[in-house]
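J.: Quick one: the structure is below, questions incoming.
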Amino acid sequence: MGSASRKFWQISAPVLAGLMICGALAAQPASEGNAKAKAAIEEAAEYRDKQELRAANVAALNAIKADPDWPMGHIARAEISLSLFDAVTAKAELEKALSLGVPRVELNHLIGEALWLIGELDMAERTLQQDGLTPGRRIHADRILGRVYIDKGQMDKAGQAFDRALELGPEDSMLWTDIGRFRLVAGDQKGAIEASDKAIRLNAENVRALEFRGRMTREQFGLAASIPWFERALAINPEDVPTLEEYGATLGELGRYRDMLAQARKIVSLDRYNGRAYYMQAVIAARAGDFGLAQRVLALAGSRINELPGAMLLSGISEYQMGHYNRSIDLFKRLLDIQPQNVSARKFLARAQYKSGDIEGALEEIRPLAIREDADSYSLTIAGRAFEANGEREKAAGGLDAASMPMIRKARPLADGLSDIGIAEGARRNPGNARFVIPYIRSLMRRGQSGSAFAQAQSLRTKNPGVANAHLLEGDVLMDTGSVKSAIDAYNRAAAINFTEPVMLRLAEAYRQQGNAKAQRDLVTAFVANNPTSLPGLRLLAYYHLDDGNWRDAIAPLEYLLWKTGYNDSILLANLARAWSGVGNHQKAASYAAIAYRVDPANPMATHVYGQVILRSGKRPKAAFELLEKAAAMMQQNRQVQAEFAKAEEAFLN
């Protein structure tokens, strides 16, 4: 048996078959182990070396059956159980080892870890702080103590615990993995990446580090880029449930639902109470349109999962689709209590309230989105319909007209609920805390105080060079002052740390303002390559293809958008009609154009495209004439529309 096996069993016992040497116990154990128990422990160690933890657990159980009074079997099973995140079993086995004569000082690092996993944070803290541990166990104890402090929100103490552990074990791979987690929670994304890379350099088979690096890569570069990391971890340990969870969720976000289902089923076979696995299956059911099944599967996930934002959103959508509007309203409101900035939840809530007849409630919810510079057509349409139902036809017309204009609007964050005075006071009291400083900078920008906003943003970025949002915010201030080139530099620094959708959208807008169409398109293409299910990315990519006349290339992203969002977006349907018409399929183009026109007959683009498609098909000249006549009346300054109306008029009259 190799040195890794001997290191794994760190609790004292006699020499095992001349191979496994452990420290001496302070008190004589109840048993020193019979031959069968020792052979089973050796087998468990070998399985543990190969990352076959469930087989190792069975072998440890066999050791306990062979000699229940030998502490080593219980200790070995406790360590394996901790690796499997089974804290209840680990705690029970450690208590048994204590009852068999093992001094508590020999086990405090493991007892503390079990208590932490159970959620007994105060007791875990006291246990892990106990003196008398050997240096190796002290590293373990301080590493877990750091995790305890992270969970308690005591970041200064967490940093101190990790620093103490580093002094004793600067080359400990698991320690660097947890330092990466600490840095991520602290907002230092760049530092978290560096720590995870170091953990992997120290131990290329550290599954926890590989899984963490996969999650960081997903945030940094996108979904597709993270897949190799998860697959590398699973090649080492195919039954690692946390990695299977992340891998399955990523496959689902990539649209590979069949592969996600396979991972979900595998997780359930390993852990039949795993809530995330049931959540994945509920997502698949919802995607298939079986919302009743989605709700039934979500019920199996348990309250822990169902109180998470993603599950609440899915449940709310399912209730809405089944016509249970009041239930969906309740779920969306609960979600917004947790995440007041969740734009999707706010849109769904407004739509559900509109459907339930609560027009005033719908207007109240959608107004913060509809009045924004970057208001999307969906929000504007909901607002327009709500005003229409409320008898305010003038306001309704304004909203519906704005919704009908196809454009990419500049992205803006939602306004904070606090007053500007309250925001400024929060920043004054917490000058180094991004949570308070960022809203203050946004407030300064809203009030046109660009100089002060830039000074604050620059200071925040200097203090937090590894935080993507610090660079992003500096770029936003620079864009507001017209410094597009400097803003692009700031956005690129943010993208190097975390290439997210908001970063991509801001960079695309900055390149557009700079007049750099190639950089804009290269950026979006690269983003979509790693995030093939990003709806804003796909929409931009499709628009570029339409602008270039690459009709066939535009069809796939537009069809995917339609599949994801449904047949309510007249602009999307009109653009699909344009694309299919461009490749010569006038029948399909006319079908999409007709739906777009039915969805929103007052939309000038939908009207124009419908008439244009019919005109090009050479059929129904009267319909083409009437539609283009209507479009020409709505867009009197558009030369293309006027020219096509003239063609339709000539075809109709002749």
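The values are calculated or read from the model by the stated rules, or taken from the named source; none is laboratory data. Just so we're clear, the structure is a prediction, and the values are computed from it rather than from any experiment. Backbone-built Cβ (ideal geometry, glycine too); neighbour counts: all protein chains shown.
J.: State the number of residues belonging to the range 85-98 that are touching a Pro at 6+ places or on another chain (Cβ under 9 Å) and of a type outside the set (A, V, I, L, M, F, W, C).
T.: Summing the residues that are touching a Pro at 6+ places or on another chain (Cβ under 9 Å) and of a type outside the set (A, V, I, L, M, F, W, C) in the range 85-98 gives 1.
J.: Here's something else I'd like to know. Please give the number of the condition VAL524 fails out of (1) more than 29 Å from the chain's Cα centre (by Cα); (2) over 28 Å from GLN321 (Cβ atoms).
T.: So VAL524 meets the others, but not (1).
J.: For the condition in contact with a helix residue (DSSP H, G or I) (Cβ under 8 Å, 6 or more places away or on another chain), of a type in the set (A, V, I, L, M) and free of Cβ contacts under 8 Å to residues at least 12 places away in the same chain, what is the one hit in ALA519, ALA508, ALA487? Show your work before the answer.
T.: Values: ALA508 fails: free of Cβ contacts under 8 Å to residues at least 12 places away in the same chain; ALA487 fails: free of Cβ contacts under 8 Å to residues at least 12 places away in the same chain.
When all the criteria are applied, what remains is ALA519.
J.: Quick one: would you say GLY310 is part of a loop (DSSP other than H, G, I, E, B) and out of contact with any Gly (no Cβ under 8 Å at 6 or more places or on another chain)?
T.: Taking the combined requirement at face value, the residue does not satisfy it.
J.: Evaluate the range 246-253: report whether one residue or more is of a type in the set (Gly, Ala, Ser), crowded, with 18+ Cβ neighbours inside 10 Å, modelled with pLDDT under 95 and not assigned by TED's automatic domain parsing to the domain that holds ARG334.
T.: no
J.: Here is a further query. Might you let me know whether the range 148-157 holds any residue that is buried (at least 17 other Cβ atoms within 10 Å of the Cβ), at pLDDT 95 or above and over 21 Å from the mean Cα position of the chain (by Cα)?
T.: Yes; the residues of the range 148-157 include at least one that is buried (at least 17 other Cβ atoms within 10 Å of the Cβ), at pLDDT 95 or above and over 21 Å from the mean Cα position of the chain (by Cα).
J.: Which number in (1) over 26 Å from GLY222 (Cβ atoms); (2) buried (at least 20 other Cβ atoms within 10 Å of the Cβ); (3) not polar (S, T, N, Q) marks the one condition that LYS588 misses?
T.: If we test LYS588 against (1) over 26 Å from GLY222 (Cβ atoms); (2) buried (at least 20 other Cβ atoms within 10 Å of the Cβ); (3) not polar (S, T, N, Q), just (2) comes out false.
J.: For ALA235, state whether it is over 19 Å from the mean Cα position of the chain (by Cα), in a helix (DSSP H, G or I) and either free of Cβ contacts under 8 Å to residues at least 60 places away in the same chain or closer than 20 Å to GLY159 by Cα (or both).
T.: Working: over 19 Å from the mean Cα position of the chain (by Cα): yes; in a helix (DSSP H, G or I): yes; either free of Cβ contacts under 8 Å to residues at least 60 places away in the same chain or closer than 20 Å to GLY159 by Cα (or both): yes.
Answer is yes for this residue.
J.: Hey, among the residues in the range 522-552 that are surrounded by fewer than 16 Cβ atoms within 10 Å (Cβ to Cβ) and either without any contact (Cβ under 8 Å) to a residue 40 or more places away in the chain or aromatic (Phe, Trp, Tyr) (or both), which one's nearest to ALA487 (Cα to Cα)?
T.: By that ranking, first place goes to ASP522.
Here's the yes/no breakdown for (1) under 19 Å from LEU572 (Cα atoms); (2) at pLDDT 90 or above; (3) surrounded by fewer than 24 Cβ atoms within 10 Å (Cβ to Cβ); (4) under 41 Å from the mean Cα position of the chain (by Cα):
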residue	(1), (2), (3), (4)
ARG598	yes, yes, yes, yes
VAL609	yes, yes, no, yes
ARG620	no, no, yes, no
ALA623	no, no, yes, no
MET634	no, no, yes, no
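J.: Return yes or no: is ALA161 crowded, with 20+ Cβ neighbours inside 10 Å, assigned by TED's automatic domain parsing to the domain that holds ALA60, touching a residue at least 60 places away in the same chain (Cβ under 8 Å) and not in a loop (DSSP other than H, G, I, E, B)?
T.: Details: crowded, with 20+ Cβ neighbours inside 10 Å: yes; assigned by TED's automatic domain parsing to the domain that holds ALA60: yes; touching a residue at least 60 places away in the same chain (Cβ under 8 Å): no; not in a loop (DSSP other than H, G, I, E, B): yes.
It is false that ALA161 is crowded, with 20+ Cβ neighbours inside 10 Å, assigned by TED's automatic domain parsing to the domain that holds ALA60, touching a residue at least 60 places away in the same chain (Cβ under 8 Å) and not in a loop (DSSP other than H, G, I, E, B).
J.: Those residues that are in contact with a helix residue (DSSP H, G or I) (Cβ under 6 Å, 6 or more places away or on another chain), among the polar types (S, T, N, Q) and closer than 27 Å to GLY119 by Cα, I need them from the range 265-305; list them, please.
T.: Answer for the range 265-305, where residues must be in contact with a helix residue (DSSP H, G or I) (Cβ under 6 Å, 6 or more places away or on another chain), among the polar types (S, T, N, Q) and closer than 27 Å to GLY119 by Cα: just ASN274.
Yes/no matrix, rows are residues, columns are (1) more than 27 Å from ALA165 (Cα to Cα); (2) at pLDDT below 95:
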residue: GLU52; (1), (2): yes, yes
residue: ALA63; (1), (2): yes, no
residue: ARG77; (1), (2): no, no
residue: ILE80; (1), (2): no, no
residue: PHE85; (1), (2): no, yes
residue: GLU106; (1), (2): no, yes
residue: HIS109; (1), (2): no, no
residue: LEU117; (1), (2): no, no
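J.: Assuming PHE652 fulfils every condition listed in (1) in a helix (DSSP H, G or I); (2) of a type outside the set (Val, Ile, Thr); (3) modelled with pLDDT of 85 or more apart from one, which condition is it?
T.: (3)
J.: Being part of a helix (DSSP H, G or I), among the small types (Gly, Ala, Ser) and modelled with pLDDT of 95 or more is the filter here; which residues of the range 164-215 pass it?
T.: ALA165, SER173, GLY180, ALA195, SER196, ALA199, ALA209, GLY214
J.: Next question, about the same structure. Kindly establish whether ARG304 is in the same structural domain as LYS355 (by TED's automatic domain parsing), in a helix (DSSP H, G or I), in contact with a Gly (Cβ under 6 Å, 6 or more places away or on another chain) and surrounded by fewer than 18 Cβ atoms within 10 Å (Cβ to Cβ).
T.: yes
J.: Consider GLY187 carefully, then state whether it is on the phi > 0 side of the Ramachandran plot and over 29 Å from the mean Cα position of the chain (by Cα).
T.: no
J.: LEU331 passes all but one of (1) outside the structural domain of TYR354 (by TED's automatic domain parsing); (2) surrounded by 20 or more Cβ atoms within 10 Å (Cβ to Cβ); which number fails?
T.: All conditions pass for LEU331, except number (1).
J.: Cβ-Cβ below 7 Å, separation at least six or inter-chain, first residue in the range 337-359 and assigned by TED's automatic domain parsing to the domain that holds HIS324, second in a loop (DSSP other than H, G, I, E, B): which pairs?
T.: Hits for this filter: PRO340/GLY417; GLN341/LEU414; VAL343/LEU414; ALA345/GLN339; ILE359/ASN390.
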